[in-house]
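S.K.: Take this structure, written in structure tokens, and hold onto it; I'll ask about it next.
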Amino acid sequence: MTQVVSNKTGRKKIVKASGENTEIKITAKKFSDYLEIRTELKLNSEHKFNEDYNISIQPYETKGFARPPMDMGTVGNPSDLSFNLDDISLDTLLFRLKVVDKNNTVKGYADEIKPDLSGGGNDTSEGGDGSNTILPIKEDESIKLPFAIQMEPDSKPVLLVKSKLNLKEQFKHDIKTKVFIYTSVIRQILTNYLSDKNYADCSKKEVFINKVLGNAGLDTAMDEIPEYFNDDNSVNQEAVDWIEQVTADCIDTPVTFKGNKTNYLSLFEKKCRETAMENENED
């Protein structure tokens with residue numbers, strides 16, 4: 001998809017990003033915690049761009065989050081790129097290509113370029129939905145609360161967030177939102193799997209629990225997990241404590257967030273302290 005724009009020096013030339021004779025092609029390969037991006041650039045000589053014009057490509061998301069533009073060389077000496085992106089969703093990822101002169105005046109332009117999904121990678125989950133994330137996120141207008149869990153036997157659990165609240169983007173980029181939602185839903189899903197007999201033979205139950213245990217840095221066999229109910233049908237406190245501990249370990253285990261190795265709990269505590277200091281300064 002391209003967008004036509006113009007400027008005071010005349011019309012910007014449209015760089016073709018789809019259909020036949022595509023000039024810029026971007027492919028994405030999904031892995032468990034990042035996207036591998038490759039570009040293929042072949043500008044049409046009919047544009048008659050000067051050879052010293054600079055070329056750049058910029059990844060951004062539909063909600064406005066943008067990464068810095070990346071240099072692709074010049075028209076006379078272009079360079080295809082290969083790079084990784086993390087903490088970004090393929091569903092919302094777009095690219096913007098610019099060809100500019102030495103005065104940084106845009107001479108050629110392509111926007112809203114959607115990457116093609118290439119095969120391979122270790123992104124394929126057993127659910128067949130092409131995602132290896134522990135908890136896929138979908139926006140939903142029908143839910144009454146800000147977020148909810150969609151669970152059915154033999155289906156992968158899905159986190160639903162209310163549409164038009166920008167929660168999907170906040171979940172990815174705001175650590176406080178992420179921790180509040182993440183801890184709540186992980187705890188609830190584990191509780192449902194262990195307490196509800198409808199999930200006794202669920203094909204996704206062991207897959208999800210093993211992923212949670214992996215995120216928590218634990219090596220626990222399924223038969224070592226405490227039974228949720230005692231023989232008298234009372235709730236087994238050991239099982240409740242196990243769920244709480246695993247959930248806590250999930251946010252206290254090193255992960256990659258916005259390109260840095262850290263853990264969610266440390267980031268969450270740091271952000272809360274910064275907010276408290278800001279409030280004190282305002283007082």
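The values are calculated or read from the model by the stated rules, or taken from the named source; none is laboratory data. As the structure is a computational prediction, the values presented were derived from the model and not from experiment. In this analysis, Cβ positions are derived from the backbone assuming ideal geometry, glycine residues included, and neighbour counts consider all displayed protein chains.
S.K.: Taking only the stretch 193-209 into account, find how many residues are under 19 Å from Leu159 (Cα atoms) and either in contact with a strand residue (DSSP E or B) (Cβ under 8 Å, 6 or more places away or on another chain) or without any contact (Cβ under 8 Å) to a residue 12 or more places away in the chain (or both).
M.R.: 1
S.K.: Here's something else I'd like to know. Pairs needed: first member in the stretch 214-233, more than 18 Å from Ser195 (Cβ to Cβ); second member anywhere, of a type outside the set (Lys, Arg) and assigned to a loop (DSSP other than H, G, I, E, B); C-beta distance under 6 Å; at least 6 residues apart or different chains.
M.R.: The qualifying pairs are Ala216/Thr253; Gly217/Thr253.
S.K.: Sticking with this one: Keeping to the stretch 144-178, report how many residues are over 15 Å from the mean Cα position of the chain (by Cα) and surrounded by fewer than 19 Cβ atoms within 10 Å (Cβ to Cβ).
M.R.: So the count comes out to 15.
S.K.: For a quick check of your reading of the model, give me the residue pairs whose first member lies in the stretch 135-161 and is free of Cβ contacts under 8 Å to residues at least 60 places away in the same chain and within 19 Å of Lys172 (Cβ to Cβ), whose second is surrounded by fewer than 13 Cβ atoms within 10 Å (Cβ to Cβ) and basic (Lys, Arg), with beta-carbon atoms closer than 6 Å and at least 6 apart or on different chains.
M.R.: As it stands, the answer is Val158/Lys138; Leu160/Lys138, since those pairs meet every condition given.
S.K.: Do we find a residue being surrounded by fewer than 14 Cβ atoms within 10 Å (Cβ to Cβ) and modelled with pLDDT under 90 anywhere in the stretch 131-138?
M.R.: Yes, the stretch 131-138 contains a residue that is surrounded by fewer than 14 Cβ atoms within 10 Å (Cβ to Cβ) and modelled with pLDDT under 90.
S.K.: Of all residues in the stretch 45-62, which are on the phi < 0 side of the Ramachandran plot and loosely packed, with under 14 Cβ neighbours inside 10 Å?
M.R.: Passing the criteria: Ser45, Glu46, Asn50, Glu51, Asp52, Thr62.
S.K.: Also, quick follow-up: Restricting attention to the stretch 227-264, and to residues there that are among the acidic types (Asp, Glu) and part of a helix (DSSP H, G or I), which single residue is modelled with the lowest pLDDT?
M.R.: Asp249
S.K.: Let me spell it out: the conditions are (1) free of Cβ contacts under 8 Å to residues at least 12 places away in the same chain; (2) in contact with a Gly (Cβ under 6 Å, 6 or more places away or on another chain), and Thr253 meets all of them except one. Which number is the exception?
M.R.: (1)
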